[in-house]
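Here's the structure, in structure tokens; my notes come after.
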Amino acid sequence: MPKATETTLEIDLRALTHNFQYITSKLQKGTKLMAVVKASAYGSDSVVVAKKLEELGIDYFAVAYASEGVILRESGVQTPILVLHPQTINFDKIVQHCLEPSIYSPLMLDRFIAFAESENLENYPIHLKINTGMNRIGYSTNEVNFILEAVSKTKAVKIKSIFSHLAASEDIENRDFAEKQINDFKTASEYLMSKLDYSPLRHTLNTSGIFNFPNAQFNMVRSGIGLYGFGNCEKENKNLRPIATLKTIISQIHTIRKGESVGYNFGFIAEKEMKTATLPLGHADGINRAYGKGNGFVTIHGKKAPMIGNICMDMLMVDITNIACEEGDEVQVFGEKNATAEEFASRIHSISYEIITAISPRVKRIFTY
Ligand SMILES: *Cc1c(COP(=O)(O)O)cnc(C)c1O
């Protein structure tokens, strides 16, 4: 990569390939891998990432919303795409673009069947989401008979998969909870399957689930964060490579005298003479205001420079008193080396998922193939 000359998010597709291969190595023979590419493939670029994963032989994609699936279809992605949160208003968009809805409640099922029948569809693939304890979206396990009744009365839809989601798959100290979820999922899905004359796919593991519950792969698993380089624990972080590096540059350097303030509302007052650097990166780029007042930091020539004062919309200031640097020099915010996104986010009690998906479209994405 050449040195950054503006704020850029570098996406390394070689790291994506590495992570894909590592996750695949954890799968039993025949287990399919669904890549979760919602939220622009966790803040990177869903089209570029999906195309690379298709090249690598991915089995399935998942997105959160229909519009995310439409973007993939319109750029030529052919692999099946599950829409996790389809919403009634998007049914026509979903069908037009061969997207497959997650059906998570009796109401959704009735509405989707009515829509599919009105469009004269046959065997349209749907995915049944079972709630086993996350209590977000999903059928409760005692509602499965409603599903069977509704599905048996129509030819318009066919159950392509049955799935659930673990609430704390990374939390080793509460393994019991995930194990109970897995058991309840097994019972409910087996009951459903015993009443059908075909076998849908079954899946319940996300990235940490793949690492921590290898016996619960059923015949598909879903990975998001792992593909982007985080394993939610030290051991697995070492086996993965973050694909995204956020870089910026120094716009201006100031010498601040003792007692002077920096930025809005006197958010920082110099206790001694010091040097500050202003960076072209702010809360409109996804750097939460909570990183200000010394909480967040960037890395300049391998040294940590704390963010001082209040983060502005388009800029932020860092303390470079002890760092030899010049205007125009490259600055790393997070990446594979120095601070990872997970370490960076931990400064404001946040997680890798939040910071990488927060980087706004204003930040230019560049790719290494
Ligand atoms: C986002 C999401 C995933 C991906 O989880 P990771 O921890 O990123 O692997 C899997 N399943 C569902 C239902 C999700 O919403």
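The values are calculated or read from the model by the stated rules, or taken from the named source; none is laboratory data. Given the structure is predicted, the values throughout are model-derived calculations rather than measurements. Note that each Cβ is placed from the backbone with ideal geometry, even for glycine, and that neighbours are counted across all protein chains shown. Keep in mind that these areas ignore ligands, DNA and RNA; they rest on the heavy atoms of the full protein, side chains included. Shrake-Rupley method; radii C 1.70, N 1.55, O 1.52, S 1.80 Å.
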At a Förster distance of 25 Å, what's the computed FRET efficiency of ARG14 paired with ASN135, Cβ-Cβ distance as r, to 0.05?
-> 0.05
Accessible surface, per residue, of the chain when the full set of protein chains is kept, probe 1.4 Å, Å² = 46
Using alpha carbon positions and the Kirkwood radius, the Rg to Rh ratio of the range 244-368 is 0.95
Give me the distance in nm between label points sitting 7 Å out from Cα along the Cα-to-Cβ direction at SER194 and ASN295, one decimal.
-> 5.2
Loop-resident chymotrypsin sites (Phe, Trp or Tyr not before Pro) in the range 198-232 with no more than 14 other Cβ atoms inside 10 Å, DSSP not H/G/I/E/B, are TYR198
Dipole magnitude of the chain about its Cα centre (Cβ charges: Lys, Arg +1; Asp, Glu -1), debye to nearest 20 | 320
If you project the alpha carbons of the chain onto the principal axes, what extent comes out on each, in Å, largest first?
-> 78, 43, 38
Burial-style ranking of 258-266, 289-297, average other-beta-carbon count within 10 Å with highest first, yields 289-297, 258-266
Given the options ILE172, ILE351, ILE159, which has the most mean-square fluctuation in a GNM of the chain, springs set between C-alpha atoms less than 10 angstrom apart?
-> ILE172
Full extension from LYS337 to GLU179: what is 0.36 nm times the residue separation minus their Cα-Cα distance, to one decimal in nm?
-> 53.4 nm
Looking at this model, which pairs from LYS238/LYS275; LYS52/LYS235; LYS32/LYS158; LYS32/LYS155; LYS32/LYS364; LYS272/LYS303 are more than 24 angstrom apart at the alpha-carbon?
-> LYS238/LYS275; LYS52/LYS235; LYS32/LYS155; LYS32/LYS364
Segments 69-79, 199-209 sorted - mean Cβ within 10 Å per residue, highest first | 199-209, 69-79
State the Cα centre-to-centre distance between the range 77-129 and the range 1-40 in whole Å.
-> 28
Starting from 0 in steps of 5 Å, tell me what percent of the Cα-Cα pairs of the range 13-229 lands in each bin.
-> 1, 7, 16, 19, 20, 17, 12, 6, 2, 0
Accessible surface of THR245 - all protein chains present, 1.4 Å probe, nearest 10 Å² = 20
